[in-house]
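All remarks here apply to the structure that follows.
The values are calculated or read from the model by the stated rules, or taken from the named source; none is laboratory data. None of these values were measured; they are calculated from a predicted model. Glycine gets a Cβ as well: all are built from the backbone with ideal geometry, and neighbour counts include every protein chain shown. Surface accessibility is based on the protein's heavy atoms, side chains included, excluding ligands, DNA and RNA. Shrake-Rupley method; radii C 1.70, N 1.55, O 1.52, S 1.80 Å.
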Amino acid sequence: MAATDTDGIEATVRAVLADVLAIDPARVARFTDETPLFGALPELDSMTVAGLLTELEDRLGIRIEDDEVSGDLLSTFGTLLRFAEGKAAR
Amino acid sequence: MLVRGPEDGPQVVLLPPLFEEMNFTRALLAELGRCLARQGVGSWLPDLPGTGESRHPLPELGWQDWLDAARAIGDAVAARAGGNPLVCAFRGGALLDHALGARARWRYAPADGAALLRHLVRAQRIADRESGTDTPASATVMDLAGYGLSAPMRAGLEGAKPTPDPDREFAAAAGALWRRAEPGRDDALAHLLASDICDWIETCVAR
């Protein structure tokens, strides 16, 4: 089921990062708004980023257009989370 | 074609996921084939034209070539096995399973063709942005995440949907293998799928 409340959205974003990037969930649980993503996590190649976005779409019931995907989207955990919350709230 | 298991007993064609998803499920399908063999089920895992060991260049192929290949695979296995095989299709493999002429169809996480294409285009657009290049949609062959797809292949894929009503369907959990950063293995899932397939085969035989 698509998560639409704020806590559910945040939990989903954390879970997607843990699942797709194979990061220990305990480490993802410590991510704050300022935690850098793109550039700080290993192996964020274009196929991995695409996988992140497609998985977020499926779990949150949202649609992410290609022109919404900028380098800024994944600069921090906060930027990704704000984006997901904005999309899921519509 | 990778053939495993006994020649007597049920024969199953495993139609693999398409494009990069095949890389991510290779170990799963290998373990699945081993599990099925232990249960007395023969399995046939083909390389579609333009993939794996196939000598055909992918950019020269269209979607119809894959439908034709599925038919040819079904005929080849039927000739060897003395009867139409069963088919177990995984992800985009479910877009081709109707063409096989199989006795019955089982699917794992069937994928919509337009969604698969969209994901490849997305990955290529991200790569293009990083490198400052462009991959126009009007190109005869688009290099999408390393897969050279002709216009007929893209058009066929975009319009492809799994046919309704397979005989059995197994849903995928969130965070499945093909959504991860690195290919991996999931032997527990392989065993679970093998169990479900064997259970399904018994219902097929009982008809």
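Annotations for the structure displayed:
- Being among the polar types (S, T, N, Q), touching a His at 6+ places or on another chain (Cβ under 6 Å), at the interface with chain B (Cβ under 10 Å from one of its Cβ atoms) and surrounded by 12 or more Cβ atoms within 10 Å (Cβ to Cβ) is a property that holds for A:T54.
- When B:A123, B:A160 are checked against the criterion of being more than 14 Å from every other protein chain (Cβ to nearest Cβ) and in contact with a Leu (Cβ under 9 Å, 6 or more places away or on another chain), B:A160 stands alone in meeting it.
- Taking the conditions (1) open to solvent by 10 Å² or more (accessible area, probe 1.4 Å); (2) more than 7 Å from chain B (Cβ to nearest Cβ); (3) over 10 Å from the mean Cα position of the chain (by Cα) in turn, A:R14 satisfies each one other than (3).
- Scanning region B:134-170 for residues that are open to solvent by 80 Å² or more (accessible area, probe 1.4 Å) and assigned to a loop (DSSP other than H, G, I, E, B) yields a total of 6.
Results for (1) over 24 Å from B:D186 (Cα atoms); (2) open to solvent by less than 30 Å² (accessible area, probe 1.4 Å); (3) out of contact with any helix residue (DSSP H, G or I) (no Cβ under 6 Å at 6 or more places or on another chain); (4) part of a helix (DSSP H, G or I), shown as yes or no for each residue.
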| residue | (1), (2), (3), (4) |
| --- | --- |
| B:V13 | no, yes, no, no |
| B:T25 | no, yes, no, yes |
| B:E31 | no, yes, no, yes |
| B:T51 | no, no, yes, no |
| B:D65 | yes, no, yes, yes |
| B:D68 | yes, no, yes, yes |
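- Unmet requirement for A:F38, which otherwise passes all of (1) within 19 Å of B:E130 (Cβ to Cβ); (2) more than 9 Å from chain B (Cβ to nearest Cβ); (3) open to solvent by less than 70 Å² (accessible area, probe 1.4 Å): (3)
- Restricting region A:63-78 to residues that are more than 10 Å from the chain's Cα centre (by Cα) and outside any helix (DSSP H, G or I), the residue that is farthest from the other protein chains (Cβ to nearest Cβ): A:S75
- Within region B:66-77, residues that are within 13 Å of B:P49 (Cα to Cα) sit with their Cβ atoms under 8 Å from residues that are open to solvent by 30 Å² or more (accessible area, probe 1.4 Å) and of a type outside the set (V, I, T), at 6+ positions apart or across chains, in these pairs: B:I73/B:M1.
- Inclusion of B:A81 among residues that are of a type in the set (A, V, I, L, M) and either open to solvent by less than 30 Å² (accessible area, probe 1.4 Å) or at pLDDT 95 or above (or both) is not warranted.
- Residues (farther than 23 Å from A:A89 by Cβ and part of a loop (DSSP other than H, G, I, E, B)) located in region A:45-62: A:D45
- Of all the listed residues (B:A181, B:A111, B:A89, B:A102), the sole one being over 18 Å from the mean Cα position of the chain (by Cα), within 30 Å of B:R34 (Cα to Cα) and crowded, with 19+ Cβ neighbours inside 10 Å is B:A181.
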